[in-house]
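The values are calculated or read from the model by the stated rules, or taken from the named source; none is laboratory data. Since we're looking at a predicted model, the values are computed, not measured. Note: ideal-geometry Cβ built from the backbone for every residue, glycine included; neighbour counts use all protein chains shown. Quick note on the areas: whole protein, heavy atoms, side chains included, nothing else; ligands and nucleic acids left out. Shrake-Rupley method; radii C 1.70, N 1.55, O 1.52, S 1.80 Å.
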Amino acid sequence: MAHSTTNYNLDQKFEFTAGLKKSIMTVLGIGALILVIGIVMAMFGGGNDHAEGGDHAYHWYQRFFANLWINNVYFTGIAVIGVFFFAIQYAAQAGWSAGILRVMLSFGYWLPFAAVLMLVSFFIVNHDIFHWTHSDLFDPNDSHYDKIIDGKGSYFYWPMEKGTFPLFFVIRLVVFFGFWVFFFNKLKNLAYEEDIHGGTSYWGKIRKWSALFLVFFAVSSSISAWDWVMSIDTHWFSTMFGWYVFASWFVAGLSAITLVVVYLRENGYLAMVNENHVHDLGKFVFAFSIFWTYIWFSQFLLIYYANIPEESVYFVERLESDVYSPFIFVNLVLNFFLPFLVLMTRDAKRHAIFLKVVCSLIILGHWFDFFLMVQPGTLGQNGGFGLMELGMFLVYGSAVALVVLGGLAKKPLVAKNHPMLEESYHHHI
């Protein structure tokens, strides 16, 4: 459909230049080098192959596996949040965001890679990350028998025998990724067909498929949080944990989307995106940083004042640890105090420099959030943040950037036949 009030180039495409690719590849290479140095230091440094709090010896590769799992889960979340936020715009019949829809959708290009990485890495790391995968825990005649874990065994193994192949767990992993990738491809194809054919029928179809995706995501995001993160601490559980992981994913995903939008504007793209759109993105980051803090504090406070040992142990092993306790405060500073104080004013939400600094630190901060969810339950006091963690984060972050920006460059940046594009042009707050 025609938009007579604008002279914007609706067929503009993002050019993923050789220079930008080289810069990202350089960061990836630096990350890989740091990772290798971290691995070598872990292999030949101290603290290797010693018993830690019981029968099982600690080996350097367990820290590598823990980092692999942290980054798999974290960057999977950022990718699926891009698709989620895209779907939200259609379900809510939002007009303000029509000019930046393709940025949100582009994060879904990482999902097929994430699916392969998650599935393959699970079969590599399972015994070192998930305590419940040890068969002796389910044998009443074994000295390691665990009645609590045995009671949860069917959730992981059904219909297989407990302690054999975790079929039900793997089925859920495959189904979740399968549907996430399916919905991403469906929404992407419909969006690009709208560019070609125009009309409002595609908007209606995308809205219908977005609603279906949101229903599925509401269930799958919570269950995946139980499976991939909460089951690491198998004795512990929280009824708020699905919300907590979603909130962490959502703020990180919003920050990543905001960074890409700001980068594109600064490099001459998305001319129709003005300070008001950027302001809205800043408000989302600000608001959901507070939402994440609300969930964090609610979960902590309920467990704190109930003081039930099987619940409070989760926070005790983090707060009373010399390794992890400093990161509790890093987590809160980067993910609440920083965005709350910096983005409180209207002007701060409209200026790129504030958003670039805050969103970059939030992405790092929520990585630390997942670091605190995974490492204590897998490595105990053998964990920490060092070269291995930094290197793995840079490798994954660079790989995601290459895939997302590569996907963004495939098609026009603007949904030129979106029926609310005119509204987006004149968005003002």
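The residue of the stretch 313-362 that is most open to solvent (accessible area, probe 1.4 Å), among those that are in contact with an Asp or Glu (Cβ under 9 Å, 6 or more places away or on another chain) and not in a helix (DSSP H, G or I), is HIS351.
Looking only at the stretch 162-177, count every residue that is hydrophobic (A, V, I, L, M, F, W, C) and open to solvent by less than 60 Å² (accessible area, probe 1.4 Å) and tell me the total. The number of residues fulfilling the criteria is 7.
If you go through the stretch 55-62 one residue at a time, do you hit one that is of a type in the set (Asp, Glu) and under 25 Å from PHE370 (Cβ atoms)? No, there is no match, as no residue in the stretch 55-62 is of a type in the set (Asp, Glu) and under 25 Å from PHE370 (Cβ atoms).
The single residue among VAL245, VAL260 that is open to solvent by less than 10 Å² (accessible area, probe 1.4 Å), closer than 17 Å to PHE85 by Cα and either more than 16 Å from the chain's Cα centre (by Cα) or not basic (Lys, Arg) (or both) turns out to be VAL245. Do we find a residue being open to solvent by less than 60 Å² (accessible area, probe 1.4 Å) and either polar (S, T, N, Q) or outside any helix (DSSP H, G or I) (or both) anywhere in the stretch 193-202? Checked the stretch 193-202: at least one residue is open to solvent by less than 60 Å² (accessible area, probe 1.4 Å) and either polar (S, T, N, Q) or outside any helix (DSSP H, G or I) (or both).
It is to be established whether one or more residues within the stretch 267-276 are under 18 Å from VAL358 (Cβ atoms) and open to solvent by less than 10 Å² (accessible area, probe 1.4 Å). No, that holds for no residue. Kindly check whether there is at least one residue in the stretch 207-226 that is open to solvent by less than 40 Å² (accessible area, probe 1.4 Å), charged (D, E, K, R), in contact (Cβ under 8 Å) with a residue 24 or more places away in the chain and within 30 Å of ASN9 (Cβ to Cβ). Looking through the stretch 207-226, none of the residues is open to solvent by less than 40 Å² (accessible area, probe 1.4 Å), charged (D, E, K, R), in contact (Cβ under 8 Å) with a residue 24 or more places away in the chain and within 30 Å of ASN9 (Cβ to Cβ).
For the stretch 148-161, the criterion of being over 26 Å from ALA87 (Cα atoms), of a type outside the set (Val, Ile, Thr), open to solvent by less than 70 Å² (accessible area, probe 1.4 Å) and in a loop (DSSP other than H, G, I, E, B) is met by no residue. Output yes when any residue across the stretch 288-302 is at pLDDT 95 or above, hydrophobic (A, V, I, L, M, F, W, C) and open to solvent by less than 30 Å² (accessible area, probe 1.4 Å), and no when none is. Yes, the conditions are met somewhere in the stretch 288-302. The residue of the stretch 126-147 that is nearest to the chain's Cα centre (by Cα), among those that are in a helix (DSSP H, G or I) and surrounded by 17 or more Cβ atoms within 10 Å (Cβ to Cβ), is ILE129.
Condition check ((1) free of Cβ contacts under 8 Å to residues at least 12 places away in the same chain; (2) over 24 Å from the mean Cα position of the chain (by Cα)) across all residues:
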site	(1), (2)
ILE100	no, no
ILE124	no, no
ASP150	no, yes
MET160	yes, yes
VAL174	no, no
TRP180	no, no
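Of all the criteria given as (1) open to solvent by 10 Å² or more (accessible area, probe 1.4 Å); (2) of a type in the set (Asp, Glu); (3) under 19 Å from the mean Cα position of the chain (by Cα), the one not satisfied by GLU389 is (1). LEU421 meets the stated requirement of being over 25 Å from the mean Cα position of the chain (by Cα) and among the hydrophobic types (A, V, I, L, M, F, W, C).
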